[in-house]
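Step one of this worksheet: look at the structure below.
Derivation of every value follows stated rules applied to the coordinates shown; laboratory data play no part. All of these numbers come straight from a predicted model, not from anything done at the bench. Positions of Cβ are generated from backbone atoms using ideal geometry, with glycine treated the same way; all protein chains shown enter the neighbour counts.
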Amino acid sequence: MRNLILICAFFISACTPQTIQSRPPAAPVSYITSTPSLTSTPNVIIINDTPLPTSTPHIYTVKSGDTISKLAEQFNISQDELRAANPDVSPNSMVIGSTLLIPDNSAVPAGAFTPTPVPAPVTQTVCHPSADGGLWCLALIQNNTDELIENVSAQITLLDENNTSLASQTAFAPLDIIPPRSSLPVYIYFDSKIPAKYSIQVQVLSANQLPLNNPRYLPAAIQKSIAQINGRTAQLSGQILLPAESSAATQVRVVAVAYDKYGIVVGMKRWEGGAIQPGGSISFSFFVSSLGAEIDAVEFFVETRP
């Protein structure tokens, strides 16, 4: 859903090319070069790692004639709220049959359904300063269930020494899905200058459970993946394979999440590809670079949609 503006990103645990073994096809799949040992981040306050019932969104399937303004009026929300919940959707070219996240649950209009909200623990939060004085902040959200979690978001707030809010924004994940028993960051950029001493407050807003065989997502596998790392930069290439028994895919996304040697997330990047026919494949290649320390390990995720 979300065509997010991506963070700088990163890759792999050696300075020479490595081949990453693929897993059998299953709904969005993750790949990891090594298992980072996650460490706790100081001065982090987790308000509530369970999605709040009052923030549970609905999923709406776009129909002919729908517009952002009409849907905002239909669901009794502002156009800005609707756009913020669906940052990858172009207001002027919504695709019939695509889905939108409706952030208001005061009523359940026809055409919308409410996924089951599930606990989504925040296992790590970190902020990396940018060259222009801003901050990239990431919160690692864990799916500890055996099913998919969709439409994950969290409120990230920066507090000063007196616990007064310096800045607060809603952070989204780079994919619509977090696979079972996996973790994926939500992220946001704060462009204002933040004092050297601050604490991070995180509140998960939405995380909705879906079965593995949900038709909105297709099985896919990463094959022949090769990554080269050189300190804080790396290059990745490989192929995405769609099984012959699958439906055709119109959207393909690959996300890489990089960790330093201490298991801290130092960034990520998303690559997007075109259509894949059943039994076919598509190649990908892109550079990534770290927002912080040198890269030690990287985890890969692939998501395909009909």
>> Quick check on the range 212-257: take the gyration tensor over C-alpha atoms, sort the square-rooted eigenvalues as a ≥ b ≥ c, and tell me if it's rounded (a/c under 1.5), prolate or oblate.
In response: prolate
>> Rounded, prolate or oblate for the range 157-306? Axes are the square roots of the Cα gyration tensor eigenvalues, ordered a ≥ b ≥ c, and the cut-off for rounded is a/c under 1.5.
In response: oblate
>> Sorting check: for 168-181, 193-206, 228-241, 272-285, which peptide has the highest mean count of neighbouring beta carbons within 10 Å, and how do the rest follow?
In response: 168-181, 228-241, 193-206, 272-285
> Straight-line reach from Lys261: which lysines have a Cα under 20 Å away, not including same-chain ones fewer than 8 places off?
Replying inline: Lys269
> Quick one: Kirkwood hydrodynamic radius for the range 116-230, alpha-carbon pairs, angstrom, one decimal?
Replying inline: 15.7 Å
> HN-Hα J couplings of the range 262-278 from phi, Karplus 6.51/-1.76/1.60, θ = phi - 60°, integer Hz, Gly and Pro as x?
Replying inline: 9, x, 8, 5, 10, x, 6, 8, 10, 10, 10, x, x, 6, 9, 7, x
